[in-house]
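The structure appears right after this line, and notes come after that.
The values are calculated or read from the model by the stated rules, or taken from the named source; none is laboratory data. Just so it is clear, the model here is predicted, and its values are computed rather than measured. All Cβ positions, glycine included, derive from the backbone under ideal geometry; neighbour counts span all protein chains shown. Please note that ligands, DNA and RNA were not included when accessible areas were found on the heavy atoms of the full protein model with its side chains. Shrake-Rupley method; radii C 1.70, N 1.55, O 1.52, S 1.80 Å.
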Amino acid sequence: MWKISRSFLTGRLCCFPKDPLGDVETWSESVDKVLGCKAGQIAFREFLKSQYSEENILFWLACEEYKKIKTAPEMISSANRIYSEFVQTEAPRQINIDCGTRENITKNISKPSLTSFDTAQKLIYSLMARDCYPRFLKSNIYQGLLRRSDSR
């Protein structure tokens, strides 16, 4: 997993091909703009961590990676990891989904497909877009990045 670094927040950005904060202003357009760039994901994750809901973006990102899998053995391994980390009852980073969705994933986890987590991912995306994203835009994390971006 990646972590937000102090250099990210202070502007010493040595490992990005372009200024990762160049898109900060566009993040207020939609949650897709935030999730669509690495710097946005890092900032949003840091915010969610401060709200004790980091599991949401971690699950969403894990699902995005899962959809790119090309082989059955890799799919089975990854599906089981996502299930045990985020979906099963009492998972270390259990996501907040309805029991029907959780039961459906549990029932089908032995034969995973690329769409195994789609319903849960949509629910978590919805939760982030409706609840977390508006609070992120008002947060000190986003507002601080916006000020740094404006001062450049």
For the stretch 33-112, dividing by residue count, accessible area per residue (probe 1.4 Å) in Å² works out to 52
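I want the local charge near residue 84. Using Cβ-Cβ distances under 12 Å, sum +1 for each Lys or Arg and -1 for each Asp or Glu among the other residues.
Around residue 84, the surrounding residues sum to 0.
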The helix 99-108 Cα axis meets the longest alpha-carbon principal axis of the chain at an angle in degrees, between 0 and 90 and rounded to 10, of 60
Taking only protein heavy atoms and a 1.4 Å probe, the highest-to-lowest accessible-area order of 60, 27 is 60, 27
Per GNM of the chain with C-alpha springs under 10 angstrom, the most fluctuating residue out of 120, 72, 43 is 72
Of every hundred units of 1.4 Å-probe accessible area on the stretch 58-152, the number belonging to carbon and sulfur atoms, as a percent, is 52
Taking a ≥ b ≥ c as the square roots of the Cα gyration tensor eigenvalues, with a/c under 1.5 meaning rounded and otherwise prolate when a/b beats b/c or oblate if not, the stretch 28-152 comes out prolate
Between the alpha carbon centres of the stretch 89-128 and the stretch 19-39 the gap in Å comes to 26
Looks like the stretch 62-131, by Cα gyration tensor root eigenvalues a ≥ b ≥ c and the a/c under 1.5 rounded cutoff (else prolate when a/b is bigger than b/c, oblate otherwise), is prolate
Helix 38-50 sits off the longest principal axis of the Cα atoms of the chain, rounded to the nearest 10 on a 0 to 90 degree scale, by 80
With +1 at each Lys and Arg Cβ and -1 at each Asp and Glu Cβ, the charge dipole magnitude of the stretch 39-99 around its Cα centre, to the nearest 20 debye, comes out at 200
Taking 98-109, 77-88 and ranking on average Cβ neighbours within 10 Å, highest first, one gets 77-88, 98-109
